[in-house]
Structures are given as C-alpha cells and as structure tokens.
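A.B. asks: This is the structure I have questions about; it appears just below.
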Amino acid sequence: MKRVFELDFYGRKIVVENGELAKQADGAVLVRYGDTVILSTVVVSKTANLLSDFFPLMVLYQEKLYSVGKIPGGFIKREGRPTDQATLAARMIDRPLRPLFPEDFKNEVQIVNTVLSVDQDNSPELTALFGSSLCVSISKIPFNGPVAAVKVGRVDGKFIINPTIEQAEQSDIDLTVAGTKEAINMVEAGAREVSEDDMLEALLFGHEAIKKLIAFEEEIIASIGKETMEYEKLEITDELRQEVDSYIRQRLDSALRIKDKLEKYATIDSLQEEIVKKYEQENESSLKPEELKELLTKVSLIFHSIEYELFRNIVVKEKTRADGRAMDEIRTLSTSIDLLPRTHGSALFTRGETQSLATVTLGALGEHQILDGLGIEDAKRFMLHYNFPAFSVGETGRYGAPGRREIGHGALGERALSYVIPSEEEFPYTIRVVSEILESNGSSSQATICAGTMALMAAGVPIKRPVAGIAMGLITSGEDYTILTDIQGMEDHLGDMDFKVAGTKEGITALQMDIKIDGVNRKILQEALAQAKKARLEILDVIENTIKEPRKEVSKYAPKMECFMINPDKIKDVIGRGGEMITKIILECSHVNTVNDINAVKVDIEDDGRVVVYHTDCEVINETVKRIKDIAREVEIGKVYSCKVVKIEDFGCFVELWPGCEGLIHISKLDNKRVEKTSDIVKVGDEILAIATGYDKKGKLNLSRRELLK
C-alpha cells in the first residue's frame, strides 16, 4: 500500500513515498525534494560473517545522466564508472551512517541511491543521504539513527539552509553538516576565509535545521517502520576475557608507549600473533577447525578491546601521548621547494612521519578537465590529485585507479586551496597540483595542502595567501575527553574524531569532520577549532620562512602567455574555414609539422574575443600574437594604407594591407583616367598607396587609388 508523507522545509516541499517501488528490498523510499527525485533502497544479508573484523556496509550513489536530460559521452553511450562527484557523494552518505550501526552487527548491508531526476537548486546528495537514513530506519536493520544533513550558506551576513545555485555563488560559506537530533557527527565545508566563531555558528544553525528533518523521519518511522531483527552475535565469556587480559595487558601497555611508528606497530602485531598462537596450540587438538577459528577471532577481539582501553587511559587519564608531545603540540616540521628541476613548481612538506611531495603543472585554458556529470559545470580549471602508494606506510598493496579515499583526500585539498587560486582573468592558466604521499603517519591530506600551497607559490601562481591544514583528534573516556593536535595514525584509528581544519591567517577555507561516537557538542567543537587555529598559524609561519610570497615569474619550462582582445566578429577570420587559418599560424610560428607537436604554440580564443597565446619561447608568442592581431586588425574607412598587389583580374586588382587582410581596388578606382587593362597600371608585387572606402554587400573591403592621385 502506497503511503505519502510531506514536509514544508524552509519554503520547499519534501515528499516521501513508500510501498509502491522496490517492494522486495528490506527498505525503500522515493524522496522528492523540489524536482529532485531519489530512490533509496537497503538490503541486508540473511547471515552474518561473525569472524569478520569489519562491518560490511556498502553505500552506492548511482548518477543517471537522463536525470538531467543528458546522453553519456564516449563511444558506448551508457553510464560507466562513477564520477569523482558520485564517489564523494557516496562517501558523504557513508560517513554519518556507519557509526550508528551496532558494533557487533556483522550482516552485510547495501544501500543504493539511484538518482532519477535532478533539480540543481535542490541537492541530490542531501536528498540521497536523507533517503538512505530513512530506508534503513524503516527496515528491520538495527540502527541508532535516524540521521540527516543540510547545506548552510551565508549571504550578506545571513545564514541560509540549502542555498540555491544563485545563492551559493554569493555565499562565503559552503557547509554540509550531518547529525542525529542530539549531536553533529559529520562536517564537510569550504569557506572564503571565515572566522572560527562564524563557522561554529554556521554548524549550530545547520544542526537546528537537521532536528526538523529528523522529527519528520521519526514520524514516518512510527507509521511504517518494521520491528528490528534479531541478529547473531559473537558471545565472549568473562573467563576468556580475564585470561587474555592477565596474559597481555602489561606488555601491550608498554608497546603502546613506543615512540617510533613502525617499531610500535611491529611490537603490537607480534604480541597479537603470540596470544593467538598460544590459544591455537592449546586448543587445536580438542576443537573442530571452525570452532578453533571462532575462538581465535574472540581472542583477537579481546586483544583489540584491551588496546582500545589502554590507549584511552594513556591519553585521557595520564594526559600523555606515545611520542611524548603535549596535547596541542605539532610534530617536527620540515619544508623545501624546487626539488624537481623540470616541473613548473615543486615542494616537499614533512611533519613527523608524514611527508607530501607536491608538484604544479601549468597549462593552457583549453586543457581544462572535462566533466560529464549531473552538475551545471562542464569543465574544471583547477585540479588537485592525491596519490597514496602502499610504500608510504611500509606495505605492499594494489596499484591502479584511485580509490574512494584518494579521491576524497584530493577533493579536500582542492577545496582548501581553491579559495586562494587567482581568477581566470588574473591568471589565464589551467592549474594541476599533484600530491605524492611518500610517508604517512597521520593526516596526509593536510600535508598535501601545505605542500601544495608552497608548490603553487614556487610555480609563480599568484595565490591570495598561503594555506595550511592540521588534523585534530578527540579521545573520550566516560565523561572525560582530550583534544589532540596533529594526530598520528594510531590516534586516528583508536580515537573518536578526525577533525581537519585548513585555512589562511585570515580564516578557514576548508573543514572536514568524521565522528566514531554518536556526535560532538558545541564545547568540544569550539575547543577543537581554537586549538586548530593555533596550530595552523604555527605551520603558516614555517611555510612563509621557506617561501614568503608567489614568485613574480613562472618557471622557464612553464608556458609563457600573452592575453589580448580582438573584435568577436573577427574570430571567424582568425580561425578560418575549418580551422585552416589558425592551423597555418600555429605551424608557421612554431616551426612544427603538426598542431599536436609538444613544441606547438597553443592558442585559446574565447567567444568574447579574448585570445591567450602560450609557449615557452617568447619569440614564438610574439610572432603568433602579431599574426593574429594582423588578421583581427580593423580597417579604418578613409585611412590611407600601403598595400601590396597580390592578384590581377580584368575588373581590378586584389591587394594585401597586412597578412590576412585583403581588399579590392576596382579598375575604375585605379587611376584618375580611364583604364583599359589592370596590368597597364599595376603588376603583382607592386607596393601602392590606397584609401579604404568601405565594404560591399558581401562584407568585402573596397579601396581606391584614384582619390590619392588627385
């Protein structure tokens, strides 16, 4: 039976339908937000893998190009692998939902969001997150939700919930915040250098709106929600817990205090192997293989729970960190630039055992990244790509296409730096930053931002101000908590919060927060933001000691450029029929045989008449600019020009005023007396003076020699 629920949410209607579509899924809702329509479904497996060490949750966000009236690009003409935007949307949905499932729940869960229709003013990503929470909440799956999310913008000093495209362009804050009705549990934000206080107010403003969405969800759950399923759990006896605890606790406590990351991890792994092997040898003769495997899994789980408890005691109770730092202390910083001689810009940023090598490549505007997604943008001028090889953590691993984590970290770095990138008019280049993580022990995404900002300045990109980032952590133990600055890998893995803040000395440009507990309150957020600002300013001082401001010139290996305007009506003349004229200019000025040659000059011509010419050799640029300007030069009617005769006809002669600009002197305009034959007066190659008299009906230029002879 179809059920329909409606909510008026800040002037826009949200409609939820259930009971008509996807009825064989464990939970399904069709959510309409304006003209945006998302089908959210969830299915849970009937059996659980109790011996698994992770919760098998899969969240999909499937973009359908028909939702925006597009046919997919490419040869196959159907949707292929997810776009980066779809990957980021799936991560955004996963992050606030995952912590709300019970820790001992191991049944596989798949949440699929199918984008059926998109209204750009009503976010499909937020609609999908709302639908994901709701379809799980009305199903039989155990879930400590519901959860919801909103976007917060600020225009003219006023906060706006879920701003339209037009409002978002004027906004100085682009904040996505998710949470339960009690607390915030996920944040993703970009901002035009706003203060910590303003960002905090935006977060709390968003949470108030989230409460309204959750109240709507609770109304629907009360009406159509199913009874929660019983699920298998791995039962562990107190006797086994005490046995493992007494055997391992003291040595594990010592291992957790080792400062060196690889030595610490190796010692902890060795202790785990030892305790597992002990129980294996003692029980392999008396237990069946599947029973033995279950016992060893329980031993490993007890081991990790002791590790978790000890770590919390060390940080929260003793107020000490494994490497001996204070709670608000940053690890040793090291910075350098110009490591790579042939790249357009390069920088190395090292913070403790985390290291990023960033490079910058400058290209022509025509080298924008082409986007084939659901958004209104079809190209991107500034890109940041993040690579995380397995050797950075001393491991072997798979090498191939970037995974969700790499795409997500790259997007965070790109957002943080995007607010200081010069406009296309100020700096008409396509800009690509690549961060190679060479070593990792905590927050390589923030190291990427620091290395990236130095590489941009070294490349001569006139960024507004340097940007730095820092990762904060939260460790709780009952009512007590401790906020950590510059968290390491173990503090992230065993901690409760990963809170990344990036910005300039003037304010925040990016924010990302993930929570493993139910959420955080205002007090914790305020303390974390203040502590992050102190650390950010320290890092910015170190960056500015290495390179204070952007270089005035780009690298000698980077393309130089010259930008100028021509009459838009002349664009067709510069390009020529089928691109014949512009191709000729490129080949002749660059002295190459094909326009695809790496040494060929690049020419971008915009519809408004703006022309940008790129090449590493200034002489090539100057010659190309002269040729284009000659073609685009405007002939002034009534002005005298020195012309070269290029062709003789019975009805007159064609003359060239300058390369690419020709006109006709009719035979009657050649002399002040009657002319029988054109060749009696002029010959090909003659230089003559003529006055421009106007254009004929076909737009051809006419000139006259006769007036000058008078």
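What follows draws every value from the coordinates through simple rules; no lab data is involved. Because the structure is predicted, anything quoted here is derived from the model rather than measured. FYI the Cβ positions are ideal-geometry reconstructions off the backbone, even for glycines, and counts take in every protein chain you see.
A.B. asks: Treating the stretch 333-546 as a set of equal point scatterers at the Cα positions, no solvent, please give the Debye-formula log₁₀ I(q)/I(0) at q = 0.11, 0.13, 0.14 Å⁻¹.
C.D. replies: Rounded to two decimals, the profile gives -0.53, -0.74, -0.85.
A.B. asks: Using DSSP to define loop residues, name the GluC sites (Glu not before Pro) in the stretch 622-690 whose beta-carbon has at most 13 other beta-carbon atoms within 10 Å.
C.D. replies: Sites meeting the loop and neighbour criteria: Glu634, Glu636, Glu676.
A.B. asks: Next question, about the same structure. If you average the alpha carbon positions of the stretch 215-273 and of the stretch 477-518, how far apart do those two centres end up, in angstrom?
C.D. replies: One Cα centre to the other: 21 Å.
A.B. asks: Computed over the Cα atoms of the stretch 1-137, what is the ratio Rg over Rh, Rh following Kirkwood? Kindly include the intermediate steps, with their values, before the conclusion.
C.D. replies: Values: Rg = 15.8 Å, Rh = 15.9 Å.
Value, to two decimals: 0.99.
A.B. asks: Another question about this same structure. Compute the acute angle (0 to 90°) between the alpha-carbon long axis of helix 444-458 and the principal axis of greatest extent of the alpha-carbon atoms of the chain; round to the nearest 10°.
C.D. replies: 20 degrees
A.B. asks: Can you put Ser45, Ser336, Ser123 in order, fewest other beta carbons within 10 Å first? Could the numbers behind the result be given before it?
C.D. replies: Working: Ser45 13, Ser336 16, Ser123 23.
Ordered by Cβ neighbours within 10 Å, fewest first: Ser45, Ser336, Ser123.
A.B. asks: Give the value in nm², to one decimal: projected area of the alpha carbon convex hull of the stretch 640-709, averaged over all directions. Write out the running numbers ahead of the final one.
C.D. replies: Working: hull surface 17.3 nm².
Quarter of the Cα hull surface area: 4.3 nm².
A.B. asks: Sum -39500 (n - 2.57) across every DSSP H segment of at least 4 residues in the chain, then divide by the residue count to get the 222 nm mean residue ellipticity, nearest 500.
C.D. replies: After summing the helix terms and dividing by the residues of the chain, the value is -10500 deg cm²/dmol.
A.B. asks: Could you give the alpha-carbon Rg of the chain over 2.2 N^0.38 Å, rounded to two decimals?
C.D. replies: 1.24
A.B. asks: Further question on the same structure: First select every other residue whose beta carbon is under 13 angstrom from the beta carbon of Ala358; then total the charges, Lys and Arg +1, Asp and Glu -1.
C.D. replies: Around Ala358, the charge tally is -2.
A.B. asks: Quote the charge dipole size of the chain about the Cα centre in Debye, to the nearest 20; the model charges only the Cβ of Lys and Arg (+1) and of Asp and Glu (-1).
C.D. replies: Working: 92 positive and 116 negative charges, 498 e Å.
With only Lys, Arg, Asp and Glu charged at Cβ, the dipole is about 2400 debye.
A.B. asks: Hey, rough spin-label estimate for Arg398 and Thr320, points 7 angstrom out along Cα→Cβ, what's it come to in nanometres?
C.D. replies: A separation of 4.1 nm, rounded to one decimal place.
A.B. asks: Residues with amide H under 5 Å of Val155's amide H, sequence separation 5 or more or different chain, H placed in the peptide plane at 1.01 Å from N; which?
C.D. replies: Placed amide hydrogens put Ile160 under 5 Å from Val155.
A.B. asks: Right, here's the next one. If Rh is defined by the Kirkwood formula over all Cα pairs and Rg also comes from Cα, what ratio Rg/Rh do you get for the stretch 405-519?
C.D. replies: Here Rg/Rh amounts to 1.04.
A.B. asks: Continuing with this model, one more query. For q = 0.11 Å⁻¹, what log10 I(q)/I(0) does the stretch 304-446 give under the Debye formula with an equal point scatterer on each alpha carbon and no solvent?
C.D. replies: -0.57
A.B. asks: Across 5 Å bins from 0, what is the distribution of all Cα-Cα pair distances for the stretch 1-41, in whole percents?
C.D. replies: In order of increasing distance, the bins hold 6, 25, 30, 22, 11, 5, 1 percent.
A.B. asks: Further, regarding this structure: Rounded to the nearest angstrom and ordered from largest down, what semi-axes does the equivalent ellipsoid of the stretch 560-632 get from its C-alpha gyration tensor (root of 5λ)?
C.D. replies: Taking √(5λ) for each Cα gyration eigenvalue gives 18, 14, 10 Å.
A.B. asks: Hey, which of these cross-link pairs are over 25 Å Cα-Cα: Lys46/Lys278; Lys639/Lys710; Lys677/Lys710; Lys570/Lys644? Each step should come with its number before you reach the end.
C.D. replies: Working: Lys46/Lys278 34 Å; Lys639/Lys710 16 Å; Lys677/Lys710 20 Å; Lys570/Lys644 22 Å.
In this structure, Lys46/Lys278 lie more than 25 Å apart at Cα.
A.B. asks: So, one more: So if we plug the beta-carbon distance of Arg192 and Thr164 into 1/(1 + (r/R0)^6) with R0 = 22 Å, what FRET efficiency do we get, rounded to 0.05? Could you put the intermediate results ahead of the total?
C.D. replies: On the way: r = 18 Å, r/R0 = 0.82.
My answer for the efficiency is 0.75.
A.B. asks: Another question about this same structure. Any idea what % of Cα-Cα pairs in the stretch 72-121 are farther than 14 Å? Mind dumping the intermediate values first?
C.D. replies: Numbers: 856 of 1225 pairs.
When every Cα pair of the stretch 72-121 is considered, 70 percent fall beyond 14 Å.
A.B. asks: Working out 0.36 nm times the residue gap between Lys626 and Met58, then minus their Cα-Cα distance, what length gain in nm do you get to one decimal?
C.D. replies: Value of the extension gain: 198.6 nm.
A.B. asks: So how do Cys450, Cys653, Cys661, Cys618 line up by other beta-carbon neighbours within 10 Å, fewest first?
C.D. replies: Listed from fewest to most nearby Cβ atoms, that is Cys618, Cys661, Cys653, Cys450.
A.B. asks: Next up: If you take the charge dipole of the chain about its Cα centre, with +1 on Lys and Arg Cβ and -1 on Asp and Glu Cβ, which of Ile224, Leu271, Gly397 is farthest toward its positive end?
C.D. replies: Of the options given, the answer is Gly397.
A.B. asks: Based only on the alpha carbon positions, what is the Kirkwood hydrodynamic radius of the stretch 288-331, in angstrom?
C.D. replies: Value: 12.6 Å, from the Cα pair sum.
A.B. asks: Any idea how far the Cα center of the stretch 81-123 sits from the one of the stretch 526-540, in Å?
C.D. replies: Cα centroid of the stretch 81-123 versus Cα centroid of the stretch 526-540: 31 Å apart.
A.B. asks: Counting Lys and Arg as +1 and Asp and Glu as -1, what is the net charge of the other residues whose Cβ lies under 12 Å from the Cβ of Lys64?
C.D. replies: 0
A.B. asks: Specify whether the C-alpha gyration tensor of the stretch 238-317 places it in the rounded, prolate or oblate class, a ≥ b ≥ c being the square roots of the eigenvalues: rounded for a/c under 1.5, otherwise prolate if a/b is larger than b/c and oblate if not.
C.D. replies: Cα axes put the stretch 238-317 in the prolate bin.
A.B. asks: In addition: In vacuum, with every alpha carbon of the stretch 332-376 counted as one equal point scatterer, what does the Debye formula give for log10 I(q)/I(0) at q = 0.26 Å⁻¹? Two decimals, please.
C.D. replies: Results for the stretch 332-376 at q = 0.26 Å⁻¹ read -0.90.
A.B. asks: Rounded, prolate or oblate: which fits the stretch 107-185 when a ≥ b ≥ c are the square roots of the eigenvalues of the alpha-carbon gyration tensor, with rounded for a/c under 1.5 and prolate only if a/b beats b/c?
C.D. replies: Since a/c reaches 1.5 but b/c is at least a/b, the shape of the stretch 107-185 is classed as oblate.
A.B. asks: Another question, then. Here are some pairs, Lys560/Lys629; Lys13/Lys151; Lys2/Lys212; Lys505/Lys548; Lys629/Lys697; Lys602/Lys626; which of them have Cα atoms lying more than 22 Å apart in this structure?
C.D. replies: Lys2/Lys212; Lys629/Lys697, as the Cα separations exceed 22 Å there.
A.B. asks: Hey, another quick one. Take the alpha carbon atoms of the stretch 695-710, find their center, do the same for the stretch 320-380, and report the distance between the two centers in whole angstrom.
C.D. replies: First find each Cα centre; the distance between them is then 61 Å.
A.B. asks: Place +1 on the Cβ of every Lys and Arg and -1 on the Cβ of every Asp and Glu in the chain, take the dipole about the Cα centre, and give the residue among Ser285, Met497, Ile76 whose Cα lies farthest towards its positive end.
C.D. replies: In the chain, that residue is Ile76.
A.B. asks: Which order results if Asp156, Asp84 are arranged by neighbouring Cβ count within 10 Å, fewest first?
C.D. replies: So the residues, fewest neighbours to most, are Asp156, Asp84.
A.B. asks: Moving to a separate point now. Against the longest alpha carbon principal axis of the chain, how many degrees, from 0 to 90 and to the nearest 10, is the axis of helix 580-590 turned?
C.D. replies: It is inclined by approximately 80 degrees.
A.B. asks: Here's something else I'd like to know. Would you grab the residues whose amide H sits under 5 Å from the one on Leu60? Only those 5+ places off in sequence or on another chain, please, with H modelled 1.01 Å from N.
C.D. replies: Here Ile111, Val112, Asn113 satisfy the definition.
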